[in-house]
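To start, the structure under review is shown below, and the notes come after it.
The values are calculated or read from the model by the stated rules, or taken from the named source; none is laboratory data. If you're wondering where the values come from, they're calculated on a predicted model, not measured in any experiment. With ideal geometry, Cβ positions are generated from the backbone for all residues, glycine too; neighbour counts draw on all protein chains shown. Ligands, DNA and RNA are excluded from the accessible area calculation, which covers all protein heavy atoms including side chains. Shrake-Rupley method; radii C 1.70, N 1.55, O 1.52, S 1.80 Å.
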Amino acid sequence: MKTQVAIIGAGPAGLLLAHCLKAEGIDCVVLERQTAPYVLSRIRAGVLEEVTVGLMERLGLDARMKAEGLPHDGFNLADGERLIRIDIKALTGRQVMVYGQTQLTRDLMEAAGPRGLEVVYAAADVALHDIESDAPWVSYTSGGIRQRLDARFIIGCDGFHGPSRKAIPASVARSFERVYPFGWLGILADVPPCNHELIYANHDRGFALASQRSAARSRYYIDVPVTEKVEDWSDERIWDELSVRLGPEAASHITRGPSIEKSIAPLRSFVFEPMRHGSLLLCGDAAHIVPPTGAKGLNLAASDVHYAAGALLAFFRRNDADAIPGYSEKALARVWKAERFSWSLTRLMHRFPEDGAFERRMQIAELDYIASSEAAQRAIAENYVGLPV
Ligand code: RFL
Ligand code: PHB
């Protein structure tokens, strides 16, 4: 089989890019290791920046998002006692959209067939070949038969554990990593949210986040040591912990209910450079990971797609050979700023095992400063709604 662009991975990065290319008449094939239902069963991000919403709008795939998504004008930081509201609308003139990654992925998936997008699910043993040439190819197994897909470019949208990044020789690459000593234990439940906006809380007992998917579905997180097992956390134990960490005001509005999903996600900061080598471009979690505190992971995948689609369009439509080499630098400039924001918000809102009384006071002082300074709130708001692409 032959195509112009082979995309590995049908998560949000892969599907968004495939739709963007298809809309411009550029041929592509997407290879996904998992089945479609499995991809949809992963509960992840919930907050979309304008860059992500804008891509869906331009693709004409925003109808359900506009009908069911919740535009938010602000969010809250809590220090165990009070809520510090960050009025992102007043401070930046912009909003974020609360709409689950699952819903966004479903919208992209359902439009694939009608728009003639070829997505091969359950593609096993995907391997990249000749990425340093102008004729790279991908081998994979589908229906028990080994297949070959030739392309002009391969785009690695295969997440943190996929094969694409590993195909770039160590001699030309550099990675930067910070692994955090805690993970987020998440619970999804069909109960009304405790607050109309998100609350990120730093309590003496640890971090908590109150988020939502709709007026009837809540998503909550608490941080737990990475050694913790999800089986040791009954729903009641999680609700009890949330009630303490989110503070009395939010706690009084928590509606408890049985969990639909419960899992622990490890926290990591990671950047891989460069994001392009030869005819291979990396997008999304394949190239970088942020801790979820800033709600940036999915949105960075979308901004990578924005840059990658632009570069591929310039190459195929305008014979502009310079656009492809420029991709890595452009994408990384935005990635590093989002890494900084996600890291600093994680630092501010979590208790680190090595922290003593001094570090705790520094967190309290910083939250106090944020509460009293519009300049500090503006800096947070500007990063939270997303820096320009
Ligand atoms: P994905 O979603 O991991 O998709 C990669 C796809 O590649 C497939 N794949 C392969 N396919 C073929 N062959 C192989 N060998 C393959 N290996 C892997 C996988 O099956 C998968 O389908 O990466 P992508 O597309 O780059 O998207 C990134 C986002 O998923 C991720 O950054 C976000 O979920 C991060 N994130 C959040 N981001 C936000 O922007 N806002 C949030 O509010 C937010 N909250 C979160 C999050 C991530 C979390 N977890 C679980 C890590 C909350 C959590 C708890
Ligand atoms: C979520 O709703 O899953 C969510 C919201 C905000 C974050 C992370 C996750 O920062």
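Brief remarks follow.
- Test for D150: is it out of contact with any Leu (no Cβ under 7 Å at 6 or more places or on another chain), surrounded by 13 or more Cβ atoms within 10 Å (Cβ to Cβ) and farther than 26 Å from E49 by Cα: yes
- Qualifying residue in the range 198-220 (condition: touching a residue at least 40 places away in the same chain (Cβ under 8 Å), within 13 Å of ligand 1 (Cβ to nearest atom) and of a type in the set (S, T, N, Q)): yes
- Matching residues, the range 179-214, being basic (K, R) and within 13 Å of ligand 2 (Cβ to nearest atom): R213
- Any hit, the range 318-330, residues being basic (K, R), within 15 Å of ligand 2 (Cβ to nearest atom) and in contact with a helix residue (DSSP H, G or I) (Cβ under 9 Å, 6 or more places away or on another chain): no
- The range 287-323: number of residues that are within 16 Å of ligand 1 (Cβ to nearest atom), closer than 17 Å to L21 by Cβ and open to solvent by less than 20 Å² (accessible area, probe 1.4 Å): 7
- The residue of the range 38-55 that is farthest from ligand 2 (Cβ to nearest atom), among those that are over 20 Å from G186 (Cβ atoms) and open to solvent by 10 Å² or more (accessible area, probe 1.4 Å), is G54.
- Which numbered condition F153 fails, given (1) away from ligand 1 (no atom under 15 Å from the Cβ); (2) in contact with a helix residue (DSSP H, G or I) (Cβ under 7 Å, 6 or more places away or on another chain); (3) more than 22 Å from E273 (Cα to Cα): (3)
- Residue match in the range 264-284 (condition: in a helix (DSSP H, G or I) and either under 21 Å from C28 (Cα atoms) or within 11 Å of ligand 1 (Cβ to nearest atom) (or both)): yes
- Candidates A67, A90, filtered to the one that is away from ligand 1 (no atom under 13 Å from the Cβ), within 25 Å of A375 (Cβ to Cβ) and assigned to a helix (DSSP H, G or I): A90
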